[in-house]
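Undergrad: Got a structure for you, questions after.
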Amino acid sequence: LTIMGDAGMEPNISPPDNAAQQDSLFSMTDVFLISLITGLFTYWFFFRKKKEEVPDLPKIQSVAAPVRDSSFIEKMKKTGRNIVVFYGSQTGTAEEFANRLSKDAHRYGLRGMAADPEEYDLSDLSRLSEIDKSLAVFCMATYGEGDPTDNAQDFYDWLQEADADLSGLRFAVFGLGNKTYEHFNAMGKYVDKRLEELGAQRIFELGLGDDDGNLEEDFITWREQFWPAVCEHFGVEATGEESSIRQYELVVHTDVNMNKVYTGEMGRLKSYENQKPPFDAKNPFLAQVTENRKLNEGGERHLMHLELDISNSKIRYESGDHVAVYPANDSSLVNQIGEILGTDLDTIMSLNNLDEESNKKHPFPCPTSYRTALMYYLDITNPPRTNVLYELAQYATDAGEQERLRKMASSAAEGKALYLSWVVEARRNILAILQDMPSLRPPIDHLCELLPRLQARYYSIASSSKVHPNAIHICAVTVEYETKTGRLNKGVATSWLKNKVPGENRSNSLVPMYVRKSQFRLPFKPSTPVIMIGPGTGIAPFIGFIQERAWLKEQGKEVGDTVLYYGCRHEREDYLYREELARFHQEGVLTQLNVAFSRDQAEKVYVQHLLKKNKENIWKLVNEGNAHIYVCGDARNMARDVQNTFYEIVAEFGNMSQAQAVDYVKKLMTKGRYSLDVWS
């Protein structure tokens, strides 16, 4: 600015001396004024220009553009797909089946895509007929007591409220359930029925997979009849292409910034180093284990009580909720896989989706090392499904081993029987298969592509947030058994939790976790009586319930009868929380403490026997006291036997027929007065 002012004075520099002094005064003023005006003008000019440029910045334009098109129809049109396979998945199996079906489509001259209903607007189903030879398939798992999975909740809500005309939609449904549960395949059945009610055309019958039997075989049997029905409907034929198609390509990173490499995080990179709430399945909280003690005094099993510190996490929970933990695989299994395949497990790599339009860019967080993938992201302990065996068969150099793998992956009765005996019943995991088939040495990147994701494990919370607001307690039993091949198999999560040592180096006492809300809730009124039935580790949620009822009593609230039916094998070996329960009983919080020791006498005694023994009192609490009944534990035998006992009690004291008694108990369930938290 000074230079500009000086330049403006140049014509006045050579007047006579007398006038020069006077002129110089004016000149200085002029300089100041001109400099000030010029400076202000220049500042204003550039400032104004800056403001004018703002709307043209790319940043503004990118905000205006949509981040993701939620229309699966537009995506299908853009990528030439005509089959969409939606999945409602809690543990990854339904997603796996959906991927297999979408890959199958190419064999029939069709193109498929697997889709998460949570990512799309499902009201677009009414537009699917705009695409030639279009079909929507739904692989729907049922979670808990007939509930939709988390990612299918919005779809379920939409189906309930929708009055859409789906008359142009062609569909098929495969449900994933477990017959030991009361509401077997409820979600699959509902989707199948509701789509038809909305006018959609079913092109193949509802498939009902049973995880208590052989879910894989159920799916294969349904699938081998489903595709011929699709061919007949659309007038297409199988192309005969059975070749293995890679979904991902391998990229090895030789020069990579290690700060950009995933080391076990579930979602955001470095999320374990820089924790930010809210915490959920994609952003778990790293909780410190503050206590890990053995609960049983004897026997071969290891039953344990763990306490997780959730201070400063803003995590809230209620009695009856579930805590999900992300475990890690046994490092010795990981090392053995690396050794057998002759791989440097510390190689940094990415598996990138060959379909650039796919929302799923990688099968697990990438870039990462093979070691991290096998430790934290992939399931290496469950018997692999038939599609994995089929894809791996090409790498077996021994003709006999290759034929065996292909046979087990086929839909022939002999092949199914071989898969059931050699893989499922023998509990052969991928390591065992590699050990027992010396010529099978697949590339590790293809193996990582094929293996399913390692899933979170859910545990009923064994504490009340009213008493322990900054801690979550877990009660679990370590799983360990010998297989038919003589191998020792260990449960992934329980073995991992068992080794968590409080106070040791911090990394060895951290557990990635989040809370999943449950419908397993104490009655709204504390004065309502509760009957709790939970043998073994089924005691877990009831420890929380009893703690809460004790707290309510301390607050001066009127608390109704709190009745517990607990069972274990031996009084002196595995009576869990013995001292705590005795204290609650002594203090009057626990009105009745009924314990069945199944193996302390010649004839086995279980919780249902104690219920029958006290049947008159049970009926009085249920009929007159409007008691709420809670059952937690084994679904296959215990929960069913307990339910049958309630049918008997209701029939006898309510003067009802068997059918009426069943209906009475079902109505208790509908009203939320008979709740289950069971597993198989």
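Undergrad: At 0.36 nm per residue, minus the direct Cα-Cα distance, what do Asn382 and Glu300 gain on full extension? Give it in nm, one decimal, please.
TA: 27.2 nm
Undergrad: Something else: Take the solvent-accessible surface of the protein heavy atoms, probe 1.4 Å, and return the percent of it on the chain that carbon and sulfur atoms account for.
TA: 49 percent
Undergrad: Starting from the Cα of Lys416, draw a straight line to each of the lysines and keep only those under 18 Å, dropping any in the same chain fewer than 8 residues away.
TA: Partners within reach: Lys407.
Undergrad: FRET efficiency for Ile245 and Val424, Cβ-Cβ distance as r, R0 = 30 Å, nearest 0.05?
TA: Efficiency computed from Cβ-Cβ geometry: 0.70.
Undergrad: Post the alpha-carbon centroid distance, the stretch 219-236 to the stretch 333-347, in whole angstrom.
TA: 40 Å
Undergrad: For a quick check: with amide H placed at 1.01 Å from N, whose amide H comes under 5 Å from Ile348's, ignoring anything fewer than 5 positions away on the same chain?
TA: Residues meeting the amide H criterion: His253.
Undergrad: Can you compute 3J(HN,Hα) from phi for each residue in the stretch 655-671, using the Karplus curve 6.51 cos²θ - 1.76 cosθ + 1.60 with θ = phi - 60°, rounded to whole Hz and x for Gly and Pro?
TA: 6, 10, 6, 4, 4, 5, 5, 4, 4, 4, 5, 4, 5, 4, 5, 4, 7
Undergrad: So between Arg572 and Ser70, what do we pick up on full extension, going 0.36 nm a residue minus the alpha carbon distance?
TA: Net length gain for the segment: 174.8 nm.
Undergrad: Another question, then. What FRET efficiency comes out for the pair Ser331/Thr397, r = Cβ-Cβ distance, R0 = 35 Å, nearest 0.05?
TA: 0.75
Undergrad: Using alpha carbon coordinates only, what is the Rg to Rh ratio of the stretch 72-234, with Rh defined as the Kirkwood radius?
TA: 0.93
Undergrad: Helix 93-104 versus the longest principal axis of the chain: what angle, 0 to 90°, nearest 10, using Cα atoms?
TA: For helix 93-104, the angle is close to 70 degrees.
Undergrad: Can I ask one more? Starting from the stretch 554-609, pick out the GluC sites (Glu not before Pro) whose DSSP state is loop and whose Cβ has at most 15 other Cβ atoms within 10 Å.
TA: Answer by residue number: Glu558, Glu571, Glu587, Glu603.
Undergrad: What share of the DSSP beta bridges in the stretch 72-234 is antiparallel, in percent to the nearest 5?
TA: Rounded to the nearest five, the antiparallel share is 10 percent.
Undergrad: Then there's this: Give me the percent relative contact order of the chain, please, defined on Cα pairs under 8 angstrom at least 6 residues apart.
TA: Dividing the mean separation by the residue count of the chain yields 11 percent.
Undergrad: Using Cα pairs closer than 8 Å and at least 6 residues apart in sequence, work out the relative contact order for the stretch 626-680, in percent.
TA: Relative CO of the stretch 626-680 lands at 57 percent.
Undergrad: Calculate one ³J(HN,Hα) per residue across the stretch 320-336 by plugging θ = phi - 60° into the Karplus curve 6.51 cos²θ - 1.76 cosθ + 1.60, and present them in order as whole Hz with x for glycine and proline.
TA: Karplus values, whole Hz, x for Gly and Pro: x, 6, 10, 9, 9, 10, 9, x, 10, 5, 5, 4, 5, 5, 4, 4, 5.
Undergrad: Something else: The stretch 388-438 to the stretch 473-510: how many Å between their Cα centroids?
TA: Rounded to whole Å, the Cα centres lie 29 Å apart.
Undergrad: So, one more: With an 8 Å Cα cut-off and a minimum separation of 6 or more residues, compute the relative contact order for the stretch 72-234 in percent.
TA: Across the stretch 72-234, relative contact order equals 21 percent.
Undergrad: Per residue, how much accessible surface does the stretch 530-678 expose to a 1.4 Å probe? Answer in Å², no decimals.
TA: That works out to 46 Å² per residue.
Undergrad: Now for a different question. Testing the spin-label approximation: label points 7 Å from Cα along Cα→Cβ at Asp663 and Glu616. State their distance in nm.
TA: Using points 7 Å along Cα→Cβ, the separation is 2.9 nm.
Undergrad: Along Cα→Cβ, 7 Å out, is where each label goes; now give me the distance between the ones at Thr485 and Thr528 in nm to one decimal.
TA: Between Thr485 and Thr528, the label points sit 5.0 nm apart.
Undergrad: Return the lysines within reach of Lys613: Cα separation strictly under 20 angstrom, same-chain partners fewer than 8 residues apart disregarded; answer none if there are no such residues.
TA: Lys604
Undergrad: Accessible area per residue for the stretch 260-307 in Å², computed with a 1.4 Å probe and the full protein assembly in place, what is it?
TA: Accessible area per residue: 51 Å².
Undergrad: Taking all pairs of distinct Cα atoms, average 1/r, flip it, and tell me the Kirkwood hydrodynamic radius of the stretch 530-678 in Å to one decimal place.
TA: With all distinct Cα pairs of the stretch 530-678 included, I get 15.8 Å.
Undergrad: Quote the Stokes-Einstein diffusion coefficient, in whole µm² s⁻¹, for the stretch 587-650, based on the Kirkwood radius over alpha carbon pairs, a temperature of 37 °C and a viscosity of 0.692 mPa s.
TA: Estimated via Stokes-Einstein, D reaches 252 µm²/s.
Undergrad: Related question: What shape does the stretch 244-352 take by its C-alpha gyration tensor, where a ≥ b ≥ c are the square roots of the eigenvalues and a/c under 1.5 counts as rounded, a/b above b/c as prolate, and the rest as oblate?
TA: Oblate.
Undergrad: Under 19 Å Cα to Cα from Lys667, which lysines show up? Leave out anything in the same chain fewer than 8 places away.
TA: Filter leaves Lys620.
Undergrad: Rounded to the nearest 5, what % of DSSP beta bridges with both residues in the chain are antiparallel?
TA: Here the share of antiparallel DSSP bridges comes out near 50 percent.
Undergrad: Could you calculate the contour length gain from His609 to Thr221, that is, 0.36 nm times the residue separation minus the distance between their Cα atoms, to one decimal place in nm?
TA: 135.6 nm
Undergrad: While we're on this one: What is the spin-label model distance, in nm, from Asn359 to Asp255 if the labels are put 7 Å beyond Cα along the C-beta direction?
TA: 3.7 nm
Undergrad: Follow-up question, since we're still on this one. Given just the C-alpha atoms of the stretch 147-238, how large is their convex hull per residue in cubic angstrom?
TA: Convex hull volume per residue, Cα atoms: 104 Å³.
Undergrad: Say R0 is 22 Å: what FRET efficiency, to the nearest 0.05, do Val501 and Asp280 get from their beta-carbon distance?
TA: 0.20
Undergrad: Candidates (i) 107, 64, 57; (ii) 132, 73, 57; (iii) 118, 116, 60; which is the computed Cα extents along the principal axes in Å?
TA: So the calculated entry is the one marked (ii).
The values are calculated or read from the model by the stated rules, or taken from the named source; none is laboratory data. Values in this document were obtained by computation on a predicted structure and should not be read as measured data. Don't worry about glycine lacking a Cβ; one is built from the backbone with ideal geometry, like all the others, and counts go over all protein chains shown. For the accessible areas, the whole protein counts, side chains as well, though only heavy atoms, and no ligand, DNA or RNA atoms are used. Shrake-Rupley method; radii C 1.70, N 1.55, O 1.52, S 1.80 Å.
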